[in-house]
1. May I ask you to evaluate 6.51 cos²θ - 1.76 cosθ + 1.60, the Karplus curve with θ = phi - 60°, for each residue of the stretch 338-352 and list the ³J(HN,Hα) values in order in whole Hz, giving x for glycine and proline?
2. Which entries of K156/K353; K120/K156; K15/K156 have Cα-Cα distances beyond 21 Å here?
3. Of the residues E265, E23, E356, which exhibits the maximal mean-square fluctuation in a Gaussian network model of the chain defined by a 10 Å Cα contact cut-off?
4. Most fluctuating residue of Q274, Q111, Q55 in a GNM of the chain with Cα springs under 10 Å: which is it?
5. What's the local net charge at Y151, with K and R +1, D and E -1, over the other residues with C-beta under 14 Å away?
6. At 25 °C and a viscosity of 0.890 mPa s, what translational diffusion coefficient does Stokes-Einstein give for the stretch 281-438, taking Rh as the Kirkwood radius over Cα pairs? Give it in µm²/s as a whole number.
7. Give me the Kirkwood hydrodynamic radius of the stretch 1-144 in Å, from all C-alpha pairs, to one decimal place?
8. Nearest 0.05, what FRET efficiency do R72 and H343 give at R0 = 25 Å with Cβ-Cβ as r?
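The values are calculated or read from the model by the stated rules, or taken from the named source; none is laboratory data. Predicted, not measured: the structure shown is a model, and the values here were computed from it. Cβ: placed from backbone, ideal geometry, glycine included. Neighbour counts: every protein chain shown. Heads up: the accessible areas ignore ligands, DNA and RNA and are worked out on the full protein's heavy atoms, side chains in. Shrake-Rupley method; radii C 1.70, N 1.55, O 1.52, S 1.80 Å.
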Amino acid sequence: MSDSAYQNHLSILRKRFDQALLETDFDSVILASGRLTYYFGDDHSHPFHPYAMAQQWAPFDLMPDVFIHLQRGETPRLLWPAKQDFWHVVHAVPEGGWSDQWRIEPVSSLQEWLPQISGKTAWIGPEYNEAPGLNPNLSVNPEALLHRLNYQRAYKTEFEIDCLWRANQAGAAGHKAAQAAFLAGKSECDVYRDFLAASGQLSNQEPYPGIVALNENAAVLHYEKKNPLQPEAVRTLLIDAGAAFGGYASDITRTYTAGQGLFAELIERVNTLQLSIAAQAVHGKAFSELHQATLAGVASILHDTGICSHGVEAQLDKRIPQVFFPHGLGHLLGLQVHDVGGHQQDKIGTLRKPDESAPFLRLTRTLEKDMVITIEPGLYFIPILLDNMVNNIAGHGCDLDLIATLKPYGGIRIEDNVVVQEGRSRNLTREAFAELQA
């Protein structure tokens, strides 16, 4: 990663923040990385994840109690905790050419520097109870400023796209190892261990808790368990897991089966649909239109494989595809896996919620150049949704006997991370898998 890419990234952020501060009548803003939080009644802390708005400025993973102070038109300040400690690692400021763009100051406490900041100041990030009392000009997490900054987060710089690319490289390596573990008959727990090892991370370093679901467990969309016991039969692996680089996340899902037959055909058909939709994720395309196209694609798969006798239009009228594909097509991706601003239509915070045909859609914006999104169609055999269909959709047209043979496989999801461009898209995930095969 070049120093020039980071310098350009920093220049873009400074312009965005300066404009947002000017429009909201703030003189400066403090970005807090956050503090350690602790389990109730214990002295053991939760895994630390820095607040994304602060992490966006740093070319390395932030630690607790780091602050960034941005004054309009001035060099940004990095306030780094200066601690003397023999119980824990004392982190020094990482070295590198990046520091030429900063004023770096070691600080021991908020009391040392916060009262000295003059002018109308915004505090953005996790709240520190003592902060407002130390500076009467402080406004904590003001909505007008947050709306502007959250809206801009959707547009990634060259530096950010490179971080996301590297996160995809690590994630793809983990997925290849997970596939091999599955085909070797390993348990969910062992598949997960192999994923972590190959992706070069510990579980507390993942951008989100990885999903490793064998067989019918693949029908649970956010399956939390990882069974240590080997399954009696090996039918399906659905793994939804990513990696992080510089605070930026990959979010990758693949589905594998050990045999041939209809379920293997369904995986191939969902994969073909996924590639088609990802290719349409271009500048100027409404994401909700892509979701509707995906519902039609799922309906076509159901009809062509004999799962549902109705044609595409009849299925859409009866909302049959939503039984098999109940979640949204995807979301913004960046410093957070479900990055902010997905329903936000402008910088002042106007929201567009999804309509009733797609209640779980996380992204309703029109796609624009340099947005990074996920494209993740699915096709599942979820008992509660199938029962609801049988009880509430008259003339559903679905072959329940055929569906019964597919329930033990759970379901399918295929997810890639895509950069929106003019006239085309760039698929970071497919590029990463192709690199592994080269």
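1. Once rounded to whole Hz, the list reads 9, 5, 6, x, x, 9, 7, 9, 7, 6, 8, x, 4, 9, 10.
2. Those over the limit are K156/K353; K120/K156.
3. Ranking E265, E23, E356 by mean-square fluctuation puts E356 first.
4. Per the Cα network of the chain with a 10 Å cutoff, Q111 tops the list.
5. Net charge around Y151: +1.
6. 145
7. Across the stretch 1-144, the inverse of the average 1/r is 16.2 Å.
8. 0.30
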